[in-house]
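The next block holds one structure in the form of structure tokens; read it before the comments.
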Amino acid sequence: MPASLATTFLNHTYENPFMNASGVHCKDTKELNELDNSKSSTFITKSSTSLKREGNPEPRYFSVPLGSINSMGLPNEGFNYYLKYVIDRQQRMPKGNPAFFSVAGMSVDENLKMLKAVQDSDFNGVTELNLSCPNVPGKPQVAYDFDLLGEILQKVFEFFTKPLGVKLPPYFDFAHFDTAASILNRFPLVYVNCINSIGNGLYIDIEKESVVIKPKNGFGGLGGEYIKPTALANVRAFYTRLNPSIKIIGTGGIRTGGDAFEHLLCGATMLQVGTELYKEGVSVFDRIERELKEIMEKKGYTSIEQFRGKLRTL
Ligand code: RRO
């Protein structure tokens, strides 16, 4: 029997669990259209701020053998640009798969203002609140400040009734998994997305005795193969701690069908591809889907539900 990759998320069945990770291949309508026409089942827009931002000086993204390092600094076309895109698409394709819309304000008030505008708009897809941008100089990540995390979600859910998920940074300690989960469990979130890049790594070119990106003296968020074990740990930690109504989106180090299988085994429902999408372009989705199906067929699985979350321990 052929394997099916069909994935139900928020009462909608997608053809497969794959989409881009926010920030990669989603900065303008051309890239978003390419994603929409690819084998990914849906897409997420670049995290937006109220106003257009140029971001940090270049070079600000660098591919390295085991992944990537970036300090983009939230370059984006502004909130209205992306909201218009997703609403226009809804009108053009009323039966299309629901899209994901990401916001990353520079303050609590800016986030609340953007989410109020989403609430009041015709957008009927999924909204992601990015609480984990590691690259804006002088702005620590919200999700590493647990008081602030609770406070912002409290304020958001006073008015926000559309489906909302949050993008989390990696955590590295069981005490932090426990605390973060106890806060997240207090709110009607529909998902958490684990993980954003591992913040503030440093990659060095030994020939040039130099860093490889310009902002922040070379410090930047790591993605790709480097981060898969950390991503899997976070997917698993939250899958085993969150209310079952809060789904997990697995992001981090998905380069092959095998990587995707591992994220699903840890409990992820949807899967996002960042660094490898940047390297290969949108055809990456054809390859990873084929590889995931091959693995499932070899193992005799016909659906993802047969193994999702069923990681064995020793
Ligand atoms: O734009 C960025 O520098 C950026 C963001 Br908002 C994010 O959430 N994660 C990342 O690695 N880079």
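The values are calculated or read from the model by the stated rules, or taken from the named source; none is laboratory data. Note that the coordinates shown come from a computational prediction; the quantities given were computed from them, not determined experimentally. Note that each Cβ is placed from the backbone with ideal geometry, even for glycine, and that neighbours are counted across all protein chains shown. Note: areas computed on protein heavy atoms with side chains; ligands, DNA, RNA excluded. Shrake-Rupley method; radii C 1.70, N 1.55, O 1.52, S 1.80 Å.
What is the local net charge at R60, summed over the other residues whose Cβ is closer than 11 Å to its Cβ (Lys, Arg +1; Asp, Glu -1)? Each step should come with its number before you reach the end.
On the way: positive: K214, K216; negative: E54, E58.
Net of charged neighbours comes to 0.
Any idea how far apart Q119 and A6 come out in nm if each label point goes 7 Å out from Cα toward Cβ?
3.6
Which lysines does K293 reach when only Cα atoms under 18 Å apart count, and residues fewer than 8 places away in its own chain are ignored?
K39, K310
Report Rg(Cα)/(2.2 N^0.38 Å) for region 23-126, keeping two decimals.
Numbers: Rg = 14.5 Å, N = 104, 2.2 N^0.38 = 12.8 Å.
Its radius of gyration relative to the 2.2 N^0.38 Å reference: 1.13.
If you add up the charges near D109, with Lys and Arg at +1 and Asp and Glu at -1, over every other residue whose beta carbon is less than 14 angstrom from its beta carbon, what do you get?
Once all neighbours under 14 Å are counted, the net charge is +1.
Could you identify which residue out of S40, S121, S210 has the top mean-square fluctuation in a GNM of the chain using Cα springs shorter than 10 Å?
Top of the fluctuation ranking is S210.
Sort out the exposed loop GluC sites (Glu not before Pro) in the chain (DSSP loop, at most 14 other Cβ within 10 Å) and tell me the longest stretch that has none.
Details: sites that count: E54, E158, E207, E209.
Result, exposed sites excluded: 210-314.
I need to check one value: relative contact order of the chain, counting alpha carbon pairs closer than 8 Å and at least 6 residues apart, in percent.
On the way: 655 pairs, mean separation 65.0, N = 314.
Relative contact order, the chain: 21 percent.
Taking every eigenvalue of the Cα gyration tensor of region 78-175, multiplying by 5 and rooting it, what semi-axes result, largest first, whole Å? Don't jump to the answer; show the numbers that get you there.
On the way: eigenvalues 137, 38, 35 Å².
Its equivalent ellipsoid spans semi-axes of 26, 14, 13 Å.
Considering the convex hull of the alpha carbon atoms of region 237-314, report its projected area averaged over all viewing directions, in nm², one decimal.
Result: 5.7 nm².
Assuming a viscosity of 1.567 mPa s and a temperature of 4 °C, what translational diffusion coefficient in µm² per second does Stokes-Einstein assign to region 94-236, Rh being the Kirkwood radius over Cα pairs? Working shown, then result.
Numbers: Rh = 16.6 Å.
Roughly 78 µm²/s, to the nearest whole number.
Restricting things to alpha carbons, find the Rg to Rh ratio for region 1-82 using the Kirkwood radius for Rh.
Values: Rg = 15.5 Å, Rh = 14.6 Å.
Reported Rg/Rh (Cα atoms, Kirkwood Rh): 1.06.
Enter the per residue convex hull volume of region 161-303, computed from alpha-carbon coordinates, in Å³ rounded to the nearest integer.
On the way: hull volume 22.2 nm³, N = 143.
Per residue, the Cα convex hull of region 161-303 comes to 155 Å³.
Can you return the lysines within cross-link range of K214? Criterion is Cα-Cα under 23 Å, with same-chain partners fewer than 8 residues away left out.
Within the straight-line limit of under 23 Å, K214 reaches these lysines: K27, K46, K52, K139, K279.
Could I have the simple spin-label model distance between D147 and I206, label points 7 Å from Cα toward Cβ, reported in nm to one decimal?
Each label point is offset 7 Å from its Cα along the Cβ direction, giving 4.5 nm.
Which whole-number percent gives the relative contact order of region 45-165, counting Cα pairs below 8 Å spaced six or more residues apart? Numbers along the way, then the final one.
Details: 170 pairs, mean separation 30.7, N = 121.
That works out to 25 percent.
Loop only per DSSP, at most 14 neighbouring Cβ atoms within 10 Å: give me the trypsin sites (Lys or Arg not before Pro) in region 81-186, ordered by residue number. Working shown, then result.
Values: sites: K84, R89, R92, K95, K113, K116, K155, K167, R186; in loops: K95, R186.
Passing both the DSSP loop test and the Cβ count: K95, R186.
In straight Cα distance, which aspartates and glutamates are under 18 Å from K84, not counting same-chain residues fewer than 8 positions off?
D28, E31, E34, D36, D120, D122, E128
May I ask you to give the percent of accessible area on region 224-288 that is carbon plus sulfur, with a probe radius of 1.4 Å? Could you put the intermediate results ahead of the total?
On the way: 1070 of 2020 Å².
The value for region 224-288 is 53 percent carbon and sulfur by accessible area.
Could you state the accessible area per residue of region 151-293 in Å², with a 1.4 Å probe and every protein chain left in place?
Values: 5720 Å² over 143 residues.
Computed with neighbouring chains in place, this is 40 Å² per residue.
From the mean inverse distance of alpha carbon pairs (Kirkwood) and the Cα radius of gyration, derive Rg over Rh for the chain.
Numbers: Rg = 18.4 Å, Rh = 19.6 Å.
Over the Cα atoms of the chain, Rg/Rh equals 0.94.
Using a Gaussian network model of the chain whose springs link C-alpha atoms within less than 10 Å, name the residue from I195, I204, I295 with the highest mean-square fluctuation.
The residue that fluctuates most here is I204.
Find out how many positive minus negative residues lie around G253, taking Lys and Arg as positive, Asp and Glu as negative, among other residues whose Cβ is under 10 Å from that of G253.
Result for the local shell: -2.
Please build a GNM for the chain, connecting alpha carbons under 10 Å apart, and tell me which residue among P134, P244, P188 fluctuates the most.
P244
Grab the DSSP H runs of the chain that are 4 residues or longer, score each as -39,500 (n - 2.57), total them, divide by all residues and round the 222 nm result to the nearest 500 deg cm²/dmol. Please report the intermediate quantities before stating the final value.
On the way: 9 runs with 101 residues, N = 314.
Calculated at 222 nm, the ellipticity per residue is -10000 deg cm²/dmol.
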